[in-house]
Amino acid sequence: MTVGPKAEIGGTAKFEGDKPAEVSSQAKLAYPMEFKKIEHSNRYKATSYVWQVIWAAAYILFGLVVFFLMPEFSRQSVANTERYGASFGLGVLVLFGVPIAAIIACFTVVGLFVGVSALFIWYIALYMAQVVVGGLVGQWVMGRTNELWPLIGRMVVGLLLVRLCTAVPEVGWWIKYFVVIPWGLGAISLSIYRRFAPVIAPPGGTAPAPYAPPPLPPNTTVGGIQPA
């Protein structure tokens, strides 16, 4: 708080804050300004730490469900995070492009269901993105693996490290929304694209071999006639 040189206060003035108010020597005050320092309680910090632990447990539980229900998809998504440029670039596009396209689709009667479904899947993918990046971080720490249970263990360790980084004051918000989420979201999008993309034969490739029925067992008759 600042009291300028042209200020005039006829009665008492009180100010409560972190530091005393800056009062100009030319200001006309009937009484000296009373100052009371705000006392910050550690109760809020303790509550914040408790919620961080709760959210970390929720993310771990969510990661366990995803890895159990979609093990192969989870492996592919974790592997795609190592394609740093493609994952991050596609993640930025999906992070901003999908909600905009879904909201536009919601304005039409035909695309309302598609738009709402796309927003729902996109929102779930935001949480899964952190799980996927946690899987890669865990492999950096504990080594690579393709088996399900060891990969889940690495996911848990990596996810805890990611949550610690995103909990850093002033910096964690930027790490979460501008690094972790676009990175993991792009890796998930690559896995979805590879699953639904059509397989195109290379130019000059050989045509698929014609179907040949399996040979009949010996002493088998066809229409009452035994083949030679």
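Just the residues that are farther than 24 Å from V137 by Cβ and of a type in the set (V, I, T), please, taken from segment 82-113.
V98, I100, I103, I104, T108, V109, V110
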Problem set entry | When residues of segment 167-178 are limited to those that are free of Cβ contacts under 8 Å to residues at least 40 places away in the same chain and part of a helix (DSSP H, G or I), the one nearest to A86 (Cα to Cα) | F178
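Can you tell me how many residues within segment 102-118 are within 24 Å of N80 (Cβ to Cβ) and either surrounded by fewer than 17 Cβ atoms within 10 Å (Cβ to Cβ) or not assigned by TED's automatic domain parsing to the domain that holds N80 (or both)?
Taking segment 102-118 as the starting set, the residues that turn out to be within 24 Å of N80 (Cβ to Cβ) are 102, 117-118.
Next, from what is left, pick out any that are either surrounded by fewer than 17 Cβ atoms within 10 Å (Cβ to Cβ) or not assigned by TED's automatic domain parsing to the domain that holds N80 (or both): 117.
Counting residues in segment 102-118 that are within 24 Å of N80 (Cβ to Cβ) and either surrounded by fewer than 17 Cβ atoms within 10 Å (Cβ to Cβ) or not assigned by TED's automatic domain parsing to the domain that holds N80 (or both) gives 1.
Condition check ((1) free of Cβ contacts under 8 Å to residues at least 60 places away in the same chain; (2) surrounded by 14 or more Cβ atoms within 10 Å (Cβ to Cβ); (3) in contact with a helix residue (DSSP H, G or I) (Cβ under 7 Å, 6 or more places away or on another chain)) across all residues:
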| position | (1), (2), (3) |
| --- | --- |
| Y49 | yes, no, no |
| I54 | yes, no, no |
| F73 | no, yes, yes |
| Q76 | no, yes, yes |
| Y84 | no, no, no |
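Here's the yes/no breakdown for (1) among the charged types (D, E, K, R); (2) surrounded by 12 or more Cβ atoms within 10 Å (Cβ to Cβ):
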{"residue": "L126", "(1), (2)": "no, yes"}
{"residue": "V137", "(1), (2)": "no, yes"}
{"residue": "G143", "(1), (2)": "no, no"}
{"residue": "E147", "(1), (2)": "yes, no"}
{"residue": "R163", "(1), (2)": "yes, yes"}
{"residue": "T166", "(1), (2)": "no, yes"}
{"residue": "I181", "(1), (2)": "no, yes"}
{"residue": "G186", "(1), (2)": "no, yes"}
Seminar exercise, completed: Those residues of segment 87-100 that are surrounded by 15 or more Cβ atoms within 10 Å (Cβ to Cβ) and of a type in the set (A, V, I, L, M, F, W, C) come to a total of 6
For this session: Could you tell me whether F62 is aromatic (F, W, Y) and more than 18 Å from Q139 (Cβ to Cβ)?
Result: yes
Problem set entry | Boolean, I60 is loosely packed, with under 14 Cβ neighbours inside 10 Å and out of contact with any Asp or Glu (no Cβ under 6 Å at 6 or more places or on another chain) | no
Exercise. Going by the conditions given, is I60 modelled with pLDDT of 90 or more, part of a helix (DSSP H, G or I) and farther than 22 Å from I192 by Cα?
Worked result: yes
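The values are calculated or read from the model by the stated rules, or taken from the named source; none is laboratory data. Not measured: the values here are computed from a predicted model. A quick note on method: Cβ atoms are made from the backbone with ideal geometry, for glycine too, and the neighbour counts reach across all protein chains shown.
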